[in-house]
Structure formats: C-alpha cells, structure tokens
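Computed from the coordinates by the stated procedures, all read-outs in this text should not be read as laboratory data. Because the structure is a prediction, the values reported are computed rather than measured. Positions of Cβ are generated from backbone atoms using ideal geometry, with glycine treated the same way; all protein chains shown enter the neighbour counts.
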C-alpha cells in the first residue's frame with residue numbers, strides 16, 4: 001500500500017471503479033441523478049469490450065470473413081485472384097475502430113456534470129475510502145458513501161512447465177501482430193480460442209487447437225460441440241481433444257509444446273502460441289480485504305441478486321463478480337443498480353435470460369438452458385432440430401452449415417432454450433429469445449408470418465422437426 005500519511009481526502013457521493021460497459025453508464029446515471037461521482041480507470045476508458053474484447057475481435061473477424069468469401073468466390077460464379085492479407089491494414093482498421101469507440105466514450109464522460117474521470121489504480125484503504133495511484137506514482141485518497149466495482153478480468157496464465165520462458169500470446173496481444181502466423185498453436189477450446197483459431201486460419205495461418213477436455217465448448221450440448229468441431233476441421237483447423245499441455249519451450253524462433261493425448265506424449269511445433277485458457281478477476285489489485293469484501297476461491301466477488309457485496313454500500317458488477325462474462329450482462333447489471341438506487345425500484349438478477357453468441361462462422365447463438373441441463377432438472381421436454389440446409393435463404397446464399405435446435409416444455413409449450421449454429425445464428429437466436437421473454441408458446445413462431453425469403457422464416461418449419 002502507498003504511504004498516505006500526508007494525503008488529504010476528497011469525498012464523493014459515489015465512486016465507480018472501472019469504466020467498463022457497466023461502470024461507465026452507471027457513473028453517468030449517478031452523476032445525472034445529482035450525485036457527485038468519480039469514475040476511476042486504470043488504463044483505458046471502455047473496459048475489456050471496447051479495448052480488448054468485442055469491438056476489436058469482431059472487427060478482425062470481419063476481415064477474416066472477407067478473406068474466406070474471397071477464396072470461395074468461384075462457388076458463386078465470380079472469378080478473382082488469390083487473396084492476399086495485409087496484416088498491417090487489418091490491425092489498423094481494428095485500432096481505428098477501437099479508438100473511435102474509446103475516444104467517443106471518454107469525451108462523453110468528460111463532458112458530464114458532477115462526474116470526475118480519474119486515471120489510476122484504485123485500492124481500498126477501508127470500507128469507505130480508497131487510494132488512487134496515478135501513472136506518475138502519485139497517491140491520492142478518495143472517500144465515498146457508495147462504491148461500485150467494475151474492474152473486470154484479465155487473461156489467465158496456466159501452470160505449464162516452461163511457459164514463462166516462451167513469448168506466448170494472449171487474447172489482447174495476438175491482435176497486435178503485424179504478420180500472419182505461419183502456424184498458430186492455440187491452447188484452449190472455448191470461445192476465445194475458437195474465434196481466434198478460425199480467424200487466423202482464414203487469414204492464412206495453419207492452426208492447431210489443443211483442448212484438455214474431451215470436447216470443445218464444454219458448456220454446450222454434445223451435438224452442438226461436435227458440429228462446431230466438424231466445421232472447424234472442414235475449415236482446415238487441426239483439433240486435438242483430451243490433450244493436456246505439459247511443457248512449453250522455445251527453440252530459435254519456434255514454439256514447442258509437449259502434450260499428452262490418450263496417455264501418449266506428443267510434440268507440437270509452431271511459429272506462435274496463443275494461450276486462451278480462461279480469465280481471472282482483477283480483484284487482487286484492489287486490496288478488497290481492507291473493505292471486508294468477500295470473494296470466492298478464484299477471486300470473484302460475492303454478490304447477492306441485487307449486486308450487493310458483503311460490505312455495506314459496496315456493489316460489484318460485470319465480469320469481476322463471476323458468472324456469465326458478457327458485455328450485455330455487465331450492462332444489465334448497471335440497469336439493475338440504476339433501477340434500485342436511482343429509480344427506487346426492485347430489480348434483480350434472478351431469472352434473467354443470458355443470451356450469447358460465439359462469433360465463429362457460422363455463428364453459434366445460445367439462450368436459455370441446454371438439452372443436457374433440462375434432463376438434469378428432470379424437465380419434461382421436446383426437442384426440435386432442423387439442419388440449416390433446410391432453410392431456403394441459407395441455400396440461396398450457400399451458407400448451409402450447422403443446425404437450429406430448440407428445447408420446448410411439454411406441458412406449457414414454452415421455449416426453454418435454443419442453440420442456433422448457422423449463418424447469423426445470433427440474430428435468429430434473438431428472435432427466439434423474444435418469444436421466451438414474452439412467455440409465448442412455440443406455436444406462435446411456428447404460425448407467424450415472416451418475410452420471405454429470410455433466415456427468420458425458418459422458425460416456421462423448425463417446429464415441424466421434433467425429434
């Protein structure tokens with residue numbers, strides 16, 4: 001902790017730690033409600049989403065899709081030359097969009113009345129005070145009536161022998177490459193590993209994914225995970241399941257991995273290594289014990305359904321509290337706090353739907369419970385499942401990989417969950433989510449009049465395919 005003997009404190013009605021997708025709108029809402037508010041940011045306004053997550057990755061994924069379509073041009077009767085990828089231009093486009101979003105957000109914060117944007121590392125001194133160290137190493141003390149922690153997570157580093165001596169990449173640094181890797185080794189078969197693996201395969205890399213579990217996307221149903229695996233293999237990605245990395249080393253300019261598969265040791269060699277084995281909370285930077293804020297064994301902050309921590313008048317929102325680590329969940333956390341504290345309502349995290357999309361291509365859109373979860377809950381269900389090659393629009397645009405799958409309650413005919421692995425799967429999933437939010441029986445979608453020919457129109461036919 002810094003030496004604060006001579007420091008004078010500044011008092012605020014509210015202090016928000018972290019300018020992510022929950023913290024930024026919350027600070028603005030608190031300030032607009034008349035509270036003197038400080039927003040503390042360690043590095044860049046916008047949090048993970050704008051700087052290292054959604055915005056830059058999906059920008060680069062778009063470049064990968066253009067390269068993919070260029071190589072498929074002949075399938076549509078269009079003759080083009082062999083596509084060349086300019087990685088510097090791909091990176092510049094990504095950086096430009098990140099700066100556009102980040103700078104716009106920062107300007108809005110700086111213009112807001114009653115709101116101070118302070119750059120520095122925040123650490124609790126007590127339940128009512130924090131120390132903030134700026135980039136010059138200078139410390140200041142701030143006190144507040146309420147604190148809101150939106151400090152996020154960072155890439156995890158697994159315990160693998162020799163890894164610390166290898167110049168490996170994570171989900172942030174891989175987007176700063178100025179060349180396309182010759183052979184990218186990817187540790188981890190979750191969302192991050194798959195999105196980057198397919199992206200760099202489309203940009204021209206040879207890609208090998210090493211997954212310790214026996215399937216990719218371990219939270220999905222087996223048929224979904226299997227279909228995703230086959231799609232990646234079809235794209236030329238080498239997928240190793242049940243493969244545990246035991247040792248990493250660097251020889252000259254090459255990365256070497258020793259892995260164990262089916263009890264046998266294998267060696268892999270690549271030009272680059274991406275470690276995508278999860279994320280850890282930034283709670284270890286905050287000195288939470290000084291405020292008596294409880295965490296779990298992984299460092300995620302305990303909260304109740306109102307997002308209150310174990311310390312009075314201290315809240316946590318976004319990834320740092322554990323649970324689904326999605327931007328839209330962080331933003332909904334903000335709405336819950338705004339509703340309860342500013343609008344005097346009674347909002348809760350209980351029962352909220354958690355939609356998400358994995359931005360591989362085709363996308364995997366997911367909402368509600370899986371078939372596996374339904375069986376574990378002893379639900380009486382029916383499952384409707386239809387391949388995308390039954391969808392007229394998908395055939396017309398020659399994007400027929402994947403399938404649509406919906407879990408329906410036998411007694412109420414309401415939709416419990418859905419997985420849409422297909423072109424614009426996230427958008428189709430959102431249509432199903434609306435029906436779930438309105439407690440509509442599946443027959444409403446089955447009999448709805450959708451514009452023809454659209455992807456959404458497939459919802460008419462989907463429910464004719466109960467299995």
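Values computed for the structure shown
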item	result
Spread of Cα-to-Cα distances over 5 Å intervals beginning at zero, given as percent, for the range 283-432	2, 9, 14, 15, 14, 14, 12, 9, 6, 4, 1, 1, 0
The range 294-333 versus the range 371-427: alpha-carbon centroid distance in Å	31 Å
Mean ellipticity per residue at 222 nm, deg cm²/dmol - from DSSP H runs of n ≥ 4 across the chain, formula -39500 (n - 2.57)	-8500 deg cm²/dmol
Pairwise label distance in nanometres, residue 328 with residue 261, each label 7 Å out on the Cα-Cβ vector	3.5 nm
Rg [Å, one decimal], Dmax [Å, integer] - the range 345-467, C-alpha atoms	14.2, 49
Relative contact order for the chain, counting Cα pairs under 8 Å that sit 6 or more residues apart, in percent	13 percent
Length released on extending from residue 234 to residue 466, taking residue separation times 0.36 nm less the Cα-Cα span	80.8 nm
Ellipsoid equivalent to the range 1-107 - semi-axes via the Cα gyration tensor, in Å	45, 15, 9
Rough spin-label spacing in nm, given labels placed 7 Å along Cα→Cβ, for residue 446 and residue 89	5.0 nm
Whole-Å distance, taken between Cα centres, linking the range 104-164 and the range 52-78	36 Å
Compactness index (Cα Rg / 2.2 N^0.38 Å), the range 324-396	1.56
Most to least packed among 443-449, 63-69 [average Cβ atoms within 10 Å]	63-69, 443-449
Principal axis box of the chain, alpha-carbon based, largest edge first, Å	72, 62, 45
Virtual spin-label span in nm between residue 427 and residue 173, 7 Å along Cα→Cβ	3.7 nm
Rounded tilt (10° steps) of 425-437 against the dominant C-alpha axis of the chain	70 degrees
Calculated FRET value between residue 11 and residue 66, using beta carbons and R₀ = 51 Å, to 0.05	0.45
Rounded to 10°, Cα long-axis angle of helix 327-337 versus longest principal axis of the chain	40 degrees
Percent RCO, i.e. relative contact order, over the range 406-467, from Cα pairs under 8 Å lying at least 6 residues apart	26 percent
The range 163-277: Cα Rg divided by the 2.2 N^0.38 Å rule of thumb	1.00
Two-site FRET efficiency, residue 354 against residue 136, from Cβ-Cβ distance with R₀ of 45 Å, rounded to 0.05	0.65
In range of the label at residue 271: residues from the range 148-180 whose backbone nitrogen is under 13 Å from the point 7 Å along Cα→Cβ	177-180
